[in-house]
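Below: the structure, in structure tokens.
The values are calculated or read from the model by the stated rules, or taken from the named source; none is laboratory data. What you are looking at is a predicted structure, and each value in this text was computed from that prediction instead of being measured. Every residue, glycine as well, gets a Cβ built from its backbone with ideal geometry; the counts of neighbours run over all protein chains shown. For accessibility, only protein heavy atoms count, side chains too; no ligands or nucleic acids. Shrake-Rupley method; radii C 1.70, N 1.55, O 1.52, S 1.80 Å.
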Amino acid sequence: MTSFAGMKNMASEVLDDVVVHPVQCPVCSKDFVASEINAHLDTCLLNNDTFPTSTSNEENGPPLKKSRMSQDTSVPKTPPVNKTESFNAIKGTPSSPVFGMFQTNRKTGPVKSERNVFVSNKQSASSAVSKGMKRNTPDETETSVDTSVSNTLKKTHQDTTSVRTLLSIDKPLAEKMRPTTLEEYFGQNKVVGEHTLLRSLLDSQEIPSLILWGPPGCGKTTLAHIIASGSKKRGTARFVTLSATSTSTNEVREVIKQAHNELKLMKRKTILFIDEIHRFNKSQQDTFLPHVECGTVTLIGATTENPSFQVNAALLSRCRVLVLEKLSVEAMRSILLRTVTWLGIRVLGEDVNDATDQDEFDAAELRSEPKVYIEQKALDTIAHLCDGDARAGLNGLQLAVQARVGAARPSQSGSDNASQDIVLLEEHVKEGLQRSHILYDKAGEEHYNCISALHKSMRGSHDNASLYWLGRMLEGGEDPLYVARRLVRFASEDVGLADPSALPQAVSAFQACHFIGMPECEVILAQCVVYLARAPKSVEIYKAYNNVKASLRNHKGPLPSVPLHLRNAPTRLMKDLGYSKGYKYNPAFSVPVEQDYLPEELQGMDFFTWNPSDP
């Protein structure tokens, strides 16, 4: 009981000491008695408009007030009171000039980060004021930030150009080189060029709902991140990224709920980026419909499949489809040149002194580290072989550089000036790519594009182009039996009666492919393709049968009855009804027999010459 009473008296003394000393408000920086600070905070937090509540204050900055900790060096610093330290030790909380309400370990990260930014900016501003420095205007502050960022990028460039860094890149090179501005975004000038509609919308931050459709590595995800970067800088919207391959419908609903609260409370829109949106089924895609319609979220979906087939028509009508083409060779050259410059790799043929700023590097480090060179021919090879896929090209370049640098390090001697230059040749980058550069998807749009090209090349009797499209499909992994079935169809549709042996040739090719499979059956398919391409063409049967179908579908009223003389009469009753009466058995006559074979309503109609538009 005695020890407890002593502790209680000690705590009482400490509380008395706290009451005597004024406490500073973290919002308005005014001094108050400790017993009144809580009531003041309730009023001050509600009425003070300058307190940061959203990320939009990152541009203007919080108001500059004097620091909570005095900067006046004339006041002697007294050591902490032992009683206070003992009281804090009893409570189990460390002594801190910040109140407990701001030390609570909350899970809401943005509030905590905004609070830290507020305190940090206020302390730095008060420090500048106490030393007699001029307070920066917003323009001067922005200029200083740009200078700091420029210096940071310059230092990062210096560090990255080291050969040691080339061996220890923690991310794929394509991810590190992802552009952050439209000026660094190459190859899609038709979509986001200087005078395009989308460019003006992006500059004004009027982001519509978009479906980005294009082949892999053309810049769909990069464009979405550029839009996100612009929105974050202006504070006009929050950006949320999800992948349809790993996101459930419940997670999507939770994001939409947060977007609704953000719009209601903060008046800030939400941009929702869905990568591989075609992986969502129809019902999952319907989840976005009402929220995109009312503007709760701005949807940006990325897909490699044709949106006409893979995206709901209702959702497609609420979004603008942007078709991104695969990158040209010129665009890939620009991307690769920007990358090797960032890596500090010199292109053979250029002035080495002009390749990088030699004054920015330490001379001793340059003597101890080998220089890396790459042939211009090697860069051109990557630009051609990656088939417009920037991701594949950059990652292939990374593998080639790492392999060459790693192989050269053990061969170096221990002396400081014995560094050996490294040269990347064409065969090195080919080994680094190690991929098929044929863009083909057996279940996607390229599947239908290539088979259409094959069919039309054979129809045009162009055997050379027909072989090319056949090889493109087979080398891309197409099922040979699918191609063989299409050839059987072509033999009747386009060759027809002009060469009746074409159909047996196609059927035989199909059976042979079924027997032996790939890769042996590729020659059989090639033979059949060339035969059909060179064969004479006739669509007489094809057109005539289409005319028959059109006649049946366009007929008004009940279809005409079969003439009695053409009907079979297996029973006496049917004979008594007139079935088969008057029928002339053709083999019984030595001359052609004249009789009607069409219903009375169709007499005189010739389906080989009839036009469905005729009455």
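Here is how the numbers come out for the structure above:
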{"read-out": "Cα→Cβ-extended label distance, 7 Å offset, between Leu348 and Arg320, nm", "value": "4.7 nm"}
{"read-out": "Rounded FRET efficiency, nearest 0.05, which uses the C-beta distance separating Leu598 from Arg338 and R0 of 56 Å", "value": "0.15"}
{"read-out": "Three principal axis lengths of region 503-615 [C-alpha, angstrom, descending]", "value": "64, 38, 31"}
{"read-out": "Additional length obtainable on full extension of the chain from Thr43 to Thr571, 0.36 nm per residue less Cα span", "value": "179.5 nm"}
{"read-out": "Percent of Cα pairs exceeding the 25 Å cut-off, where the set is region 239-360", "value": "45 percent"}
{"read-out": "Extension gain from Asp170 to Leu559, taking 0.36 nm per residue of separation minus the Cα-Cα distance", "value": "132.6 nm"}
{"read-out": "Relative contact order (percent, whole number), region 451-509, Cα cutoff 8 Å, 6+ residue spacing", "value": "26 percent"}
{"read-out": "Point-to-point label distance, Asp380-Leu497, nm (Cα→Cβ direction, 7 Å offset)", "value": "5.6 nm"}
{"read-out": "Cβ crowding within 10 Å averaged over residues, with 587-594, 302-309, 542-549 ranked highest first", "value": "302-309, 542-549, 587-594"}
{"read-out": "Length gained when the stretch Ser35-Asp286 is fully extended (0.36 nm per residue, less Cα-Cα span)", "value": "84.8 nm"}
{"read-out": "Which of Glu194, Glu600 is most accessible, then next, and so on - probe 1.4 Å", "value": "Glu600, Glu194"}
{"read-out": "Estimated vicinal HN-Hα couplings, Hz - region 274-290 in sequence order (Karplus 6.51, -1.76, 1.60; Gly, Pro = x)", "value": "10, 7, 6, 5, 5, 6, 6, 7, 4, 5, 5, 5, 5, 4, 7, 3, x"}
{"read-out": "R0 of 60 Å, Cβ-Cβ distance Glu475-Cys294: FRET efficiency to nearest 0.05", "value": "0.80"}
{"read-out": "In sequence order, calculated HN-Hα J values of region 491-506 (Karplus, 6.51, -1.76, 1.60; Hz; x Gly/Pro)", "value": "4, 8, 6, 10, 8, x, 6, 5, 8, x, 7, 5, 5, x, 4, 5"}
{"read-out": "For region 452-542: accessible area per residue (Å², 1.4 Å)", "value": "50 Å²"}
